[in-house]
Amino acid sequence: MANIKTNENKTKAQSMGLHSEVLTGKTQQKFFNPDEAENFYYWGTYDVDFNKRIDLDVNDLDCKEANKKIDELMSQGYGTIVIKNPQGKHSLGVGVLNKLNLIFEGSLGYFGVGSIDGPTVRINGRVGWSCAENMMAGKVVIEKNAGSCFGAAVRGGDLICKGSVGARTGIDQKGGTIIVGGDAGAFTGFMMQRGRIIILGNVGINLGDSMYDGTIYVGGKIGSFGSDAIESPMTKSDIDWIKRKLKVAEIGENFDVSKMTKVVAGKKLWNYDALEPTEKKGAI
Amino acid sequence: MCGIAGLIHRGKSSNVGNELQAMLQALKHRGPDSTGYALYADNDGENFIMRFKVGENVGEGSSSVNEDESVYDKRKELVDSMLKNLGAKVIKEEKLTPYSYRYEMKYDEDLMEFSKKIESIESVEILSIGKSLELIKDLGDAQAVLDRYDLGKVTGTHAIGHARMATESGVDIKSAHPFWGYPFSDVSVVHNGQLTNYWNNRRVLENKGMRFMSECDSELIAVYLAEKMRNGATLEEGMKDSLSGLDGVFTYFVATKDSLGMAKDTMAAKPLVLYESDELVAMGSEEIAIRSILPHEIDTYDPFDGEVKVWQI
């Protein structure tokens, strides 16, 4: 069993009130210790050359084999990987913790490119449920439509769907930006906590239901507001920010951003904003 | 979890047996317990096709009580006798497994009374009656059921199917999908989800004379729609009504002799991917089901919450 004891040698983080305790004894978890040089290694990162390009046909591979192959190719320095024949398979491209140009020529099934941290992904087809779930950083562009739970629990990066998306887009979103060129289904922004969602088309019922924080911008009609979601006035900084984001996303070039509806949380949760400064930075 | 799949060829026939098998096999991971097919086949349209079972598959994984096969023959004789009494003329009969049969027959009277009398025989269940509907369901995956019932050669216009993971009722044929829309000929339903007002609806519908053969919540959809249509509603009207009449989470398909429909609950809690063109509509719980018959790049989408769609052949 692991035991807790007070650490007397304070680091900078500890002096800010974080990590005042350390674990000692036997545990199955491995904790970060700056005194152990090997722990500075970040698993899954490689030096890659974006000009080094390779095609990978996954028609005869299952998702585990395909993802392992992507990892192998990154370890060989390939910085641009083009996936052929994804055929709607699930969980392709998950867990890429590296800078990488990852291109899918086709459609993905459920949980595509989930838990990624850094890659730039372009998907020429459609994606199924829970695309880019838990994404930490990077950019994902989907040329066609997306299923439900698009960008569930994303924490950072830009997630862009040029078509329409299903229900519960941005559920539990904790940061980053989700941009949808078409319509979105019911419960968009459900339990959203941080970050921003831009929907250029219409949204379904219960928009922003039970949202804690964050901002949703809607260009079309709203089916209904969810509990705790309210309309807020658009400001110049909102308009400038959306214009910049749409330009980066390469959609909505002639869209009249000033007519969008801004939706925010109408209630403030007790103690919700009492985050440490470092935590706030991570969340936003 | 369960997986559902459906397709409709518009203006032509195709090998729907093999196509649906490929779609359901791709969804096997969603439901390995049993597989069901509702194939709308190119029959001559003259006679009724009745598929019925006189017992359960008691093979590996079954939750049914083991029976001696000799009781099946006795029940079959009782069915033949009852058909004679009802004035039905059997044109052709096929024994498909020890417990299931396919009859071609002529019958002109009320199907509800007919079904009630046939099913009054112990352990006899009509799986379907129709002039084009061939409803087959059994334990095992899509390939096993296709092989067991020789469905690879069936051609037709449309089909729906189901790969079942048993959650709320037993691993047996009576709880497997599709469900026949008793007492309507050529109506079948498959469902993915859970219905939470099953018993309330069942009590009301039973009081109106409708019959339930299993305790599977999905059967409610078939009976619910059948009762609506019995009172004059169109299929689409019945399906739209079901969005508020049925409580829970669901995506379901319903097929009739010349149409195929889908409905999704107002929470959009259950998945569905749809491909639509002038020649073909294909849909399934996951994109891989559609890709199994359309490997080239296509445009697909998720229908929104509360959506109902119906296509004609």
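Which of B:311, B:180 has the fewest other C-beta atoms within 10 Å, and how do the rest follow up to the most?
B:311, B:180
Which net charge results for the neighbourhood of residue B:277, defined as the other residues with beta-carbon distances under 10 angstrom from its beta-carbon, given Lys and Arg at +1 and Asp and Glu at -1?
Summing Lys/Arg as +1 and Asp/Glu as -1 gives -3.
Considering only C-alpha atoms, what is the centroid distance from the stretch B:89-126 to the stretch B:264-311, in Å?
The two parts, judged by their Cα centres, are 34 Å apart.
Binning at 10 Å from 0, report for the stretch A:50-283 what percent of all alpha-carbon pair distances ends up in each bin.
Reading upward from the zero bin: 9, 34, 33, 18, 6, 0.
How much mean residue ellipticity at 222 nm does the protein assembly as shown get from its helices, if each DSSP H run of length 4 or more adds -39500 (n - 2.57) and you divide by all residues, to the nearest 500 deg cm²/dmol?
Helices in the protein assembly as shown give a 222 nm mean residue ellipticity of -6000 deg cm²/dmol.
Please work out the C-alpha center-to-center distance from the stretch A:94-142 to the stretch A:212-248 and express it in whole Å.
24
Apply the a/c threshold of 1.5 to the C-alpha gyration tensor of the stretch A:42-90 and tell me whether it is rounded, prolate or oblate.
In terms of gyration-tensor shape, oblate.
Net charge near residue B:71: determine it from the other residues with C-beta under 12 Å of the C-beta of residue B:71, scoring Lys and Arg +1 and Asp and Glu -1.
Here the count lands on -4.
Mind sorting B:70, B:14, A:232 by how few other Cβ atoms lie within 10 Å of their own Cβ, fewest first?
Neighbour counts put them in this order, fewest first: B:70, A:232, B:14.
Under 37 °C and 0.692 mPa s, how fast does chain B diffuse according to Stokes-Einstein, given a Kirkwood radius computed over C-alpha pairs? Answer in µm²/s, whole number.
The Stokes-Einstein estimate is 171 µm²/s.
For the protein assembly as shown, just say rounded, prolate or oblate: build the C-alpha gyration tensor, square-root its eigenvalues into a ≥ b ≥ c, call rounded for a/c under 1.5, and beyond that prolate if a/b exceeds b/c, oblate if not.
Prolate, because a/c is 1.5 or more and a/b exceeds b/c.
On the first, second and third principal axes, largest extent first, how far apart are the outermost C-alpha atoms of the stretch A:162-228 in Å?
If we take the Cα atoms of the stretch A:162-228, the spans are 25, 23, 16 Å.
Need one word for the stretch B:158-238: rounded, prolate or oblate. Basis is the Cα gyration tensor (sqrt eigenvalues a ≥ b ≥ c); a/c below 1.5 gives rounded, then a/b vs b/c decides.
oblate
For the residues A:45, A:188, what sequence is obtained by ranking on other C-beta atoms within 10 Å, fewest first?
Least to most surrounded, the residues fall as A:45, A:188.
For residue B:137, list the lysines whose Cα falls under 18 Å from its own Cα; do not include residues on the same chain fewer than 8 positions away.
Answer for residue B:137, where 18 Å is the Cα cut-off: B:28, B:53, B:95, B:153, B:174, listed by chain and number.
Work through the residues other than residue A:185 whose Cβ is under 9 Å from its Cβ and net out their charges, Lys, Arg +1 and Asp, Glu -1.
Net of charged neighbours comes to -2.
All of the numbers you see were taken from the coordinates with simple rules; none came from a lab. Keep in mind that this is a model prediction, so the values were computed, not measured. Quick reminder, even Gly has a Cβ in these numbers, built from the backbone with ideal geometry, and neighbours come from all protein chains shown.
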